Amino acid sequence: TFRWASAAAKARGAHVLVGFAERDAADDKRLHNAAMVVGPDGALVTVERKTALTDTDALWAERGSGANSMPVVDVPGVGRIGVGICKDMSVVPVGAVAGEHHMDNSFRAAEVDVIAVLAAWDSSDAREVIHEKWKARVSRHLGTPTVLVVADQTGAELGVPYAGASTVMDLAGPTTLGQLDHEEQLLVVKVPPAARA
């Protein structure tokens, strides 16, 4: 996966974010549901390990923690990007007030410009319903010049349907800048400069 991401990043002169199953360097029997960010030079920038495991994740993956949990990456020309994986969006802090989520609080404190989430949202709800749920999980960013990017799995696996509700939103409005619906496609969106200020 790294070799592919490195080649893709260098070929496009861009940062690449991709999910993968990571084998723990300290114990090769331990696996993590992870995501890597690779820079335009093809070098590894950071790895995120999913912290909020689903029942399916728990069958094979270990929970991430510490520096490999929801990292923030500074990307020249883009800004600060907070990276999350799926259910990490839904974690509620201990003693939280209604509507409060750990990832939202963490990325707000880090003053991110972009929230990038890789998701396998298992739901047959309509795309609009899914988007409302995602906006609720980043509510501290609503009304701010933050961009939410969610790359969501589509199709079905072992009878479980996935939403396929990938989107790019300017949370200042919030305004949907681009979206998909149950298709495996490439979504290209030009983000207005105001959303990246």
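Observations on the structure shown:
- Residues located in the stretch 24-59, provided they are assigned to a loop (DSSP other than H, G, I, E, B), touching a strand residue (DSSP E or B) at 6+ places or on another chain (Cβ under 6 Å) and over 18 Å from VAL117 (Cβ atoms): GLY39
- Selected residue (criterion: farthest from ALA119 (Cα to Cα)) from residues of the stretch 70-95 that are in contact with a helix residue (DSSP H, G or I) (Cβ under 8 Å, 6 or more places away or on another chain) and modelled with pLDDT under 85: PRO93
- Residue list for the stretch 150-184, restricted to those being in a strand (DSSP E or B), among the acidic types (Asp, Glu) and surrounded by fewer than 18 Cβ atoms within 10 Å (Cβ to Cβ): GLU157
- Qualifying positions in the stretch 60-88 - among the aromatic types (Phe, Trp, Tyr) and not in a loop (DSSP other than H, G, I, E, B): none
- Filter result for LEU59 (in contact with a helix residue (DSSP H, G or I) (Cβ under 7 Å, 6 or more places away or on another chain) and open to solvent by 70 Å² or more (accessible area, probe 1.4 Å)): no
- Residue count, the stretch 35-56 (criterion: open to solvent by 60 Å² or more (accessible area, probe 1.4 Å) and aliphatic (A, V, I, L, M)): 2
- Checking each residue in the stretch 82-104 for being open to solvent by less than 30 Å² (accessible area, probe 1.4 Å) and under 16 Å from LEU171 (Cβ atoms) picks out GLY82, GLY84, MET89, HIS101, MET103, ASP104.
- Filter result for the condition that a residue is within 22 Å of ALA8 (Cβ to Cβ) and over 18 Å from the mean Cα position of the chain (by Cα), over ASP41, ASP125, ASP27: ASP41
- Some residue of the stretch 91-108 being touching a residue at least 40 places away in the same chain (Cβ under 8 Å) and in contact with a strand residue (DSSP E or B) (Cβ under 8 Å, 6 or more places away or on another chain): no
- Conditions (1) over 21 Å from VAL149 (Cβ atoms); (2) part of a loop (DSSP other than H, G, I, E, B); number of the one not met by ALA14: (1)
- If only residues of the stretch 103-133 that are closer than 17 Å to LEU17 by Cβ and part of a helix (DSSP H, G or I) are counted, the one that is modelled with the lowest pLDDT is MET103.
- Within the stretch 105-133, considering residues that are open to solvent by 60 Å² or more (accessible area, probe 1.4 Å) and of a type in the set (Gly, Ala, Ser), the one nearest to PRO93 (Cα to Cα): ALA109
- Residues in the stretch 134-148 that are open to solvent by 10 Å² or more (accessible area, probe 1.4 Å) and closer than 14 Å to ASP88 by Cβ: ARG137 alone.
The values are calculated or read from the model by the stated rules, or taken from the named source; none is laboratory data. None of the values given here were measured: they were computed from a predicted structure. Ideal geometry is used to build each Cβ from the backbone, glycine not excepted, and the neighbour counts take in all protein chains shown. To get the accessible areas, we keep the full protein, side chains included, count just its heavy atoms, and leave off ligands, DNA and RNA. Shrake-Rupley method; radii C 1.70, N 1.55, O 1.52, S 1.80 Å.
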